[in-house]
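Visitor: Quick one: this structure, given as structure tokens, is what I'll be asking you about.
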């Protein structure tokens, strides 16, 4: 174990985040330790440099502009949709499945959060944990319990290709299906089709899952790039991401990992 | 706002500069990060360590900005010469930070964040794992893979 304090500890000390006793101990150590003292002075120099280069008034005005920009982006977001729920019996499992469908009033927008056409349905099913299987809500974050896995299903209703990606809280985009190439042709027939396999979303925090039904194949790479752009435009908040800038109809879910 | 500026402004700007290597873009990124702190007031105030929250957001914001740029990493290397090092711990530490920065583009986004929190912020493995919501073994594995790119200097302790 190092005899020195970590830079992170010294940075928290400098920000006044340590408890009084710990802060006193570390200050005493830094006073007698050349390396830790230099690191602490370096951290304090960061603040001095900021104050010299960006006076508080300029900082305040810049943050205000950023707030306005974020508000403008917020107003450009598609408003939350209301959903009509239908229950159907699932023959294989005898469990009830909620199939969500957007109201017709938004059908002609072409693209939007959960912009599925009249007959098309997308569903994210959660199972594998201690509790019963359930369908994830689309209109609010859905908590996941430890060990739960997700599956994705769709009724294509005329769309010809399907793809799905997820974006985690750190902005890492994972192609769920297919993992590369172009979006996969949909399965024939009007029934609910499930993408192969299921996924356990590791880590904690939010994760957004997006399923896209399209009439032409989409390059998975372009879908991943679109997801990254949307994550960035939301300032790194998966819960605030806008629709991806790709053609087709998309459905979004936000899951909160344990 | 003045308290945020006085307590955390220097650290956040330092992080944005380290990653973006451009004073103007770093300042804009810093404004974005603090605007997020204000719009997520409840989450932010509930944090045991606002510094951790801000540095995580700043790191993600800058990494995503770099990633979304066309040929972003190439431009980033071009800015290298103009960049000011964020290092405080002498020449050795500055070299490690520069090495980390040079190798970042070769790993995925989450590993980038883990590497920065570990090698640049000086967080422990446990602290990095908590910040990124991953297990300690997962973080260790990612850091060890990163270390394979850079040798002994990037060894995980």
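Visitor: Looking only at the range B:7-32, which residues are more than 20 Å from residue B:114 (Cα to Cα) and within 12 Å of the chain's Cα centre (by Cα)?
Guide: The answer is none; no residue qualifies.
Visitor: Here's a follow-up. Could you list all residues from the range A:245-254 that are within 13 Å of another protein chain (Cβ to nearest Cβ) and either assigned to a strand (DSSP E or B) or surrounded by 21 or more Cβ atoms within 10 Å (Cβ to Cβ) (or both)?
Guide: In the first step, residues of the range A:245-254 are kept if they are within 13 Å of another protein chain (Cβ to nearest Cβ); the result is A:245.
Correct list: empty.
Visitor: When residue B:143 is evaluated against the numbered criteria (1) buried (at least 19 other Cβ atoms within 10 Å of the Cβ); (2) modelled with pLDDT of 85 or more; (3) within 13 Å of chain A (Cβ to nearest Cβ), which criterion, by number, is the only one it fails?
Guide: It is condition (3) that residue B:143 fails.
Visitor: If you don't mind, another one. Answer yes or no: is there a residue in the range A:5-12 that is in contact (Cβ under 8 Å) with a residue 24 or more places away in the chain and surrounded by fewer than 20 Cβ atoms within 10 Å (Cβ to Cβ).
Guide: Scanning the range A:5-12, I find no residue that is in contact (Cβ under 8 Å) with a residue 24 or more places away in the chain and surrounded by fewer than 20 Cβ atoms within 10 Å (Cβ to Cβ), so the answer is no.
Visitor: I would also like to ask the following. Just need a number here: residues in the range A:24-69 that are more than 7 Å from chain B (Cβ to nearest Cβ) and assigned to a helix (DSSP H, G or I). Break it down into steps so the answer makes sense when it comes.
Guide: Step one: filter the range A:24-69 for residues more than 7 Å from chain B (Cβ to nearest Cβ), giving A:24-34, A:36-37, A:40-41, A:44-45, A:48, A:51-53, A:55, A:57-58, A:61, A:64, A:68-69.
With the extra rule that they be assigned to a helix (DSSP H, G or I), the set shrinks to A:24-32, A:34, A:36-37, A:40-41, A:44-45, A:48, A:51-53, A:57-58, A:61, A:64, A:68-69.
Counting residues in the range A:24-69 that are more than 7 Å from chain B (Cβ to nearest Cβ) and assigned to a helix (DSSP H, G or I) gives 26.
Visitor: Checking the structure you have, find out if any residue of the range B:116-125 is on the phi < 0 side of the Ramachandran plot, within 8 Å of another protein chain (Cβ to nearest Cβ), at pLDDT 80 or above and surrounded by fewer than 18 Cβ atoms within 10 Å (Cβ to Cβ).
Guide: yes
Visitor: Sticking with this one: Need at least 1 residues that are at the interface with chain A (Cβ under 9 Å from one of its Cβ atoms) and either farther than 22 Å from residue B:106 by Cα or modelled with pLDDT of 90 or more (or both) per element, so show me which helices (runs of 4 or more DSSP H) inside the range B:1-85 make the cut, counting only ones lying wholly within it. Walk me through it before giving the result.
Guide: Details: elements: B:2-20, B:23-39, B:41-46, B:50-68, B:72-78.
Output list reads B:2-20, B:23-39, B:50-68.
Visitor: Out of the residues in the range A:208-225 meeting the condition of being closer than 22 Å to residue B:59 by Cβ and over 10 Å from the mean Cα position of the chain (by Cα), tell me which one is nearest to the other protein chains (Cβ to nearest Cβ).
Guide: Ranking the qualifying residues of the range A:208-225, first place goes to A:225.
The values are calculated or read from the model by the stated rules, or taken from the named source; none is laboratory data. Bear in mind the structure is a predicted one, so any value in this text is a computation, not a measurement. Quick reminder, even Gly has a Cβ in these numbers, built from the backbone with ideal geometry, and neighbours come from all protein chains shown.
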